[in-house]
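Below: the structure, in structure tokens.
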Amino acid sequence: MSTSLTVKPSTTGRTMIEFTQTRNIFEDFEALTNAITQRAFGLFQQRGGADGRDLEDWFGAEAELLKPVPIEISQSNDTYTIRAEVPGFDAKDLTIRAEGNSVYIYGKSEHKKEEKKGKEVKYSEVSATELSRRIDLPSSIDPDKVSAHLAKGVLELTLPKAAPPKKIEVKAA
């Protein structure tokens, strides 16, 4: 069973979590791969279409399109805590998916800046930043009890560990 979380801001200062079923992690990965592929091809064309630098084009496209997500993981007896740096992202821009022994953090932030002089647009800029990070954990978690909190550009996930399998003793008849 997997759970998808959308981090939402609230008026009380606490972050609320909305469980959504509309996002599909595989569709997100496919869209991201397609965007990277298109940008890598653009880089290939910009340098004249010469062969032999495919990986350089691919990694260049990834660096332009994906924002790295530095993380810190800690654990206690019953939980994992992940702190991820996501500056520039609001709670509404982030989606977290937790399942089995992994967590997927996805974010997309779009900003539009426009300068007008009267009714005429003098300057317009649109920018988008995406981040994507999958984190594999050493043991299973309980996805239904995961919580997320965003404050000052740091996303903190609390991931309760799943109860270990129950050992059933077999008694002789």
Task: Principal-axis tilt of helix 25-46 within the chain, Cα atoms, nearest 10 degrees - done: 30
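Beyond 27 Å, what percent of the Cα pairs of the chain remain?
Percent of Cα pairs beyond 27 Å in the chain: 43.
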- [ ] Under 22 Å Cα to Cα from residue 145, which lysines show up? Leave out anything in the same chain fewer than 8 places away.
- [x] 8, 92, 161, 166
Task: Summed side-chain charge close to residue 54 - residues other than residue 54 whose Cβ falls under 15 Å, Lys, Arg +1, Asp, Glu -1 - done: -1
- [ ] Enumerate the whole-percent occupancy of each 10 Å bin, from 0 to the last occupied one, for all C-alpha pair distances of segment 31-131.
- [x] 12, 30, 28, 21, 8, 2, 0
TODO: Output the pairs from 67/116; 67/108; 67/152 with a Cα-Cα distance over 20 Å in this structure; if there are none, say none.
DONE: 67/116
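Mean residue ellipticity at 222 nm from the helices of the chain, using -39,500 (n - 2.57) per DSSP H segment of n ≥ 4 over the full residue count, to the nearest 500 deg cm²/dmol?
On the way: 2 runs with 34 residues, N = 173.
Using -39500 (n - 2.57) per qualifying helix, the result is -6500 deg cm²/dmol.
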Open item on the list: I want to verify a result. In a Gaussian network model of the chain, Cα cutoff 10 Å, which of these has the top mean-square fluctuation: 55, 159, 94?
Closed with: 55
Task: Cut-off under 5 Å, modelled amide H: who pairs with residue 67 long-range - done: 130, 131, 132
TODO: Calculate how steeply helix 54-65 sits against the longest principal axis of the alpha-carbon atoms of the chain, using the helix alpha-carbon long axis, and give the answer as 0 to 90 degrees to the nearest 10.
DONE: 80
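Since every read-out is calculated from the coordinates, none of them should be taken as a lab result. Values in this document were obtained by computation on a predicted structure and should not be read as measured data. Here the Cβ is made from the backbone with ideal geometry for all residues, glycine too, and neighbour counts use every protein chain on show.
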